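Down below is the structure, laid out as structure tokens.
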Amino acid sequence: MARIAFIVTTCHEFEGVKVLSSVLKAHGHQTDCFITAEEPHFHEVVEAWQPDVIGIYATTGQENWAKHHVNAWRKQFPHLRVVMGGPHPSFDAEVLRDGAYVDATIKAEGEYAMLDLVNAWENNNSIELIPNVGFLRDGEPWTNPIRPVIQDLDSLPFPDVDIFYKYPFLRAKRVMQVHASRGCQNSCTYCSVGLMKKEWISGKVGEKFNRVKSVDYLVEEMNDILARYPNFRMVNFGDAALNMERGWVQEFAEKWPEKVGLPFACNVNINFLDEDDIEAMSRAGCTSVQFGLESGSEDVRLRVYKKGYTDKVVYGIPKLLKKYKITFRTNNIMGSPAETLEDMFNTVRTNKAIKPNGCTVLIYRPFKSTELGREDFEKERVEVGKDIGPSLQNDSQMRRKDVEEVVNLQKLFNIAVYLPFGIPLVKALIKFPRNPVFDWTLLAFLWYQHAVVSGYGMMDDFRLGLKNIGQIFGKGGGGTHEGEGSKNQFLDTLDTGQDAAI
């Protein structure tokens, strides 16, 4: 059977990689995962494992990171095959033009596409008819039609946590990462989910993009993990929204406290949240939630972002969360073409009014996998050659006269929200050149809110931040929208559980 090595740059438990590994193992293959931040001799360790297949997980800005490793491994292992999956190749197969780097890509959900691909390579069979698989056909990138997405998530084997928990840091953290669903109720214009719903499903009658694990399956999965790794003290659900399916939260509240009993944090979709859901989540052990506010302007949220949140919802849900003693953080976007600088300060004012326990603030980034991003490129609002790196925390690529002030506001947003005199102070500070003090101010607030408000733990979060800091402020290729022949760069804007694409 084949030996498949998954390689990733970020110190994080990727749900998609875990499920891919479990499916491959269930069919007799051998798998392992190697994280650059956890392997001081990453290249040599992977080489010593002697893989037959390398699986690269890639978001935009990271698609070329492994090229020099692959070039060297191919000299050592002439039979080596390389497949790339994840958000970037799911929308952009241009990476296939470099045949010395990547042999195939996988679009959308990849469990059985990956299995079919590995089996074909192992038996020297053609890959040209495997659904979801991309390859060079007559010298041009080609992706086969998509198979139906997996409707019954309970039919999958439990995610293979062992390939990540082999690392002492990840298994010693107090918080474990779990997914209960796939999909998202919204189709926001700044996010790739809208196009995922069109391109990541086959169109088969009855096929659903949004799916949930049964509560019984989820509980059994949790107890399977805890039996082997009993030190975890909290769970973070990485889904787009734990309240994905009406009525699921109520059943969850009946079974989770008795059969698992760990407190948890999660994302919620406040457009589909009511007091019964919030009461049930509190009863189940929810300590903290996060939701996307994005803009303080109801018009921008409804007309431009198509998010669906009215001001009534934005101001009403926080009161209910506070009633049931659930802390909450907001997600906010700075620098989209829909807003002026003063509009962004209105987002500050909205946060001041609803009083979240923390604000996550990201810089808007245009991607052609999104409706709004495609419009930005068509109207030439993007500074194409500017390398801003892979992170949404670093810099803006938009052509706007106030871009430096926008980036500075993103760094100082929390000061504007939480200090009594914050708005006039920040309005003055953003006129100064960007400097390390602004960057570290952002990191300090992120650290505190993630570690304390959401319960991740101060030292765990500090160490995690150190391991991944290059992913936050790093540059160097892939962030320009013009790298190595590719003009179509895409974004992992939202963790929707769809990272099962590999």
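We did not get these values from a lab; they are worked out from the coordinates using the rules stated. Quick caveat: nothing in here was measured; it's all calculated off a predicted structure. Positions of Cβ are backbone-derived with ideal geometry, glycine not excepted, and every protein chain shown enters the neighbour counts.
Looking at the stretch 3-143 only, what percent of DSSP beta bridges run antiparallel? Nearest 5 please.
On the way: 6 of 23 bridges.
Here the antiparallel bridges make up roughly 25 percent for the stretch 3-143.
Whole angstrom only: what separates the Cα centroid of the stretch 105-130 from the Cα centroid of the stretch 171-247?
24 Å
Taking a threshold of 21 Å on the Cα-Cα distance, which of the pairs Lys322/Lys355; Lys255/Lys319; Lys379/Lys431; Lys379/Lys401; Lys197/Lys306; Lys25/Lys166 fall above it? If you can, show how the numbers build up before the last one.
Details: Lys322/Lys355 10 Å; Lys255/Lys319 26 Å; Lys379/Lys431 27 Å; Lys379/Lys401 16 Å; Lys197/Lys306 15 Å; Lys25/Lys166 16 Å.
Pairs exceeding 21 Å: Lys255/Lys319; Lys379/Lys431.
Just the Kirkwood number for the stretch 3-143, please: inverse of mean 1/r across all distinct Cα pairs, in Å, one decimal.
On the way: mean 1/r = 0.0667 Å⁻¹.
Computed over the stretch 3-143, the radius equals 15.0 Å.
Does a label point 7 Å from the Cα of Lys255, set along Cα-to-beta-carbon, have any residues of the stretch 146-182 with amide nitrogen under 19 Å, and which are they?
Residues passing the 19 Å test: 151-159, 178-182.
For the chain, what does the helix formula give at 222 nm: sum of -39500 (n - 2.57) over DSSP H segments with n ≥ 4, over the residue count, nearest 500 deg cm²/dmol? Show your work: numbers first, answer last.
Details: 18 runs with 187 residues, N = 502.
For the chain, the value works out to -11000 deg cm²/dmol.
Determine the percent antiparallel among the DSSP beta bridges restricted to the stretch 148-293, to the nearest 5.
Working: 2 of 12 bridges.
So the antiparallel bridges amount to about 15 percent of the total.
Looking only at Cβ-Cβ distances, which cysteines of the chain have no other cysteine closer than 4.7 Å?
Cys11, Cys33, Cys184, Cys266, Cys286, Cys359
Quick one: which residues, 5 or more positions from Gly134 or on another chain, have an amide H under 5 Å from its amide H? H modelled 1.01 Å from N in the peptide plane, none for Pro or chain starts.
Close amide H contacts, sequence-distant or interchain: Thr105, Ile106, Lys107, Asn144.
Rank the residues Leu446, Leu218 as a footprinting-exposure proxy: fewest other Cβ atoms within 10 Å of their Cβ go first.
On the way: Leu446 19, Leu218 24.
Exposure proxy ranking, most exposed first: Leu446, Leu218.
If I take R0 = 22 Å and measure r between the Cβ atoms of Gln185 and Asp402 in this structure, what FRET efficiency does the formula 1/(1 + (r/R0)^6) give, to the nearest 0.05? Don't skip to the answer; put the middle values down first.
Numbers: r = 33 Å, r/R0 = 1.51.
FRET efficiency, Gln185 to Asp402: 0.10.
Between Ser155 and Ile423, what is the label-point separation in nm under the 7 Å Cα-to-beta-carbon projection?
With each label point 7 Å from Cα toward Cβ, the separation is 5.4 nm.
Only bridges with both residues in the chain count here: give the DSSP antiparallel percent, nearest 5.
Values: 9 of 48 bridges.
If I count the DSSP bridges inside the chain, around 20 percent turn out antiparallel.
Any chance you could check the Cα centroid distance between the stretch 307-334 and the stretch 350-377 for me, in angstrom?
About 16 Å separates the Cα centre of the stretch 307-334 from the one of the stretch 350-377.
Grab the Cα-Cα distance for Ala172 and Lys431, subtract it from 0.36 nm times how many residues apart they are, and report the gain in nm with one decimal. Intermediate results must be reported in sequence, preceding the final value.
On the way: separation 259, 0.36 × 259 = 93.24 nm, distance 4.31 nm.
Computed gain between Ala172 and Lys431 is 88.9 nm.
Note the full-extension length gain between Lys198 and Asp98 as 0.36 nm times their separation in residues minus their Cα-Cα distance, in nm to one decimal. Let's see the in-between values first.
On the way: separation 100, 0.36 × 100 = 36.00 nm, distance 2.77 nm.
That works out to 33.2 nm of additional length.
Using the Cβ atoms and a cut-off under 11 Å, what net charge is assigned to the surroundings of Thr360, where Lys and Arg are +1 and Asp and Glu are -1? Don't jump to the answer; show the numbers that get you there.
Numbers: positive: Arg329; negative: Glu294.
Every neighbour counted, the sum reads 0.
Give me the distance in nm between label points sitting 7 Å out from Cα along the Cα-to-Cβ direction at Asn223 and His41, one decimal.
Taking the simple label geometry, Asn223 and His41 are separated by 4.3 nm.
With r as the distance between the Cβ atoms of Asn124 and Thr310 and R0 = 45 Å, compute the FRET efficiency 1/(1 + (r/R0)^6) and round to 0.05. Could you put the intermediate results ahead of the total?
Working: r = 58 Å, r/R0 = 1.29.
The calculated FRET efficiency here is 0.20.
When Leu412, Leu425 are ordered from fewest to most other Cβ atoms inside 10 Å of their Cβ, what list results? Intermediate results must be reported in sequence, preceding the final value.
Details: Leu412 24, Leu425 14.
The order, fewest Cβ neighbours first, is Leu425, Leu412.
What FRET efficiency, computed as 1/(1 + (r/R0)^6) with R0 = 22 Å and r the Cβ-Cβ distance, is obtained for Thr340 and Leu302, rounded to the nearest 0.05? Could the numbers behind the result be given before it?
On the way: r = 18 Å, r/R0 = 0.80.
Using R0 = 22 Å, I get an efficiency of 0.80.
Among Met234, Met244, what is the fewest-to-most ranking by other Cβ atoms within 10 Å? List each step's numbers first, then the result.
Details: Met234 19, Met244 25.
The most exposed by this proxy come first: Met234, Met244.
Which of the lysines could a cross-linker bridge to Lys204, judged by Cα under 24 Å and excluding same-chain residues fewer than eight apart?
Leaving aside lysines fewer than 8 places away in the same chain, those within reach of Lys204 are Lys107, Lys213.
Mind listing the Cα extents of the chain along all three principal axes, in Å, largest one first?
The Cα atoms of the chain stretch 66, 55, 48 Å along the principal axes, largest first.
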